[in-house]
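Here is the structure we will look at, set down as structure tokens.
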Amino acid sequence: MNETEARRRAEAARVARLGSLTPDGQLHLVPICFVLDGDTLYTAIDEKPKRSARPQRIANLLAHPEACVLIDAWDEDWSQLWWVRLRGRARVLENGSEREQAVALLRGKYEQYGAHELGAVIAVDLDELRTWAAVD
């Protein structure tokens, strides 16, 4: 799959998995809602119940800003399988115009966010895109 097709599929996807390292170096993986804007991926902390007001992924990315995001499609017909893996450096946006723009983009993609307060936004500045598809 070429980069144009990979970005098209990634942009249309509704869920991904964000991988990070805890401050003590353990792997941590969570499902996320996200939006791509050029070479930056944004995901926000929403008000759904969490164990703390400051989720583990925030502490992880502040300690180790390297992030990996996996977007994939599963189907019983294995000829339809594909994935896109994005890697980059993460930043935590607590306020400012970039955060506000990211929130607007996320609300544009996810109708559910219209009824939710959004907190910190994680911005992942992408420096690697890898793909795989059962059939190109």
>> For segment 60-100, which positions are crowded, with 18+ Cβ neighbours inside 10 Å and either over 15 Å from the mean Cα position of the chain (by Cα) or in contact (Cβ under 8 Å) with a residue 60 or more places away in the chain (or both)?
In response: L61, I71, W82, V84, L86, A90
>> All but one of (1) over 14 Å from the mean Cα position of the chain (by Cα); (2) surrounded by 14 or more Cβ atoms within 10 Å (Cβ to Cβ) hold for V103; state the number of the condition that does not hold.
In response: (1)
> What number of residues in segment 14-32 are over 10 Å from the mean Cα position of the chain (by Cα) and surrounded by 14 or more Cβ atoms within 10 Å (Cβ to Cβ)?
Replying inline: 4
> Across segment 33-56, what is the total count of residues that are buried (at least 19 other Cβ atoms within 10 Å of the Cβ) and at pLDDT 95 or above?
Replying inline: 7
> Restricting to segment 110-136, what's the tally of residues that are surrounded by fewer than 16 Cβ atoms within 10 Å (Cβ to Cβ) and not in a strand (DSSP E or B)?
Replying inline: 9
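The values are calculated or read from the model by the stated rules, or taken from the named source; none is laboratory data. Everything numeric here is computed off the predicted structure, so don't read it as measured data. Note: ideal-geometry Cβ built from the backbone for every residue, glycine included; neighbour counts use all protein chains shown.
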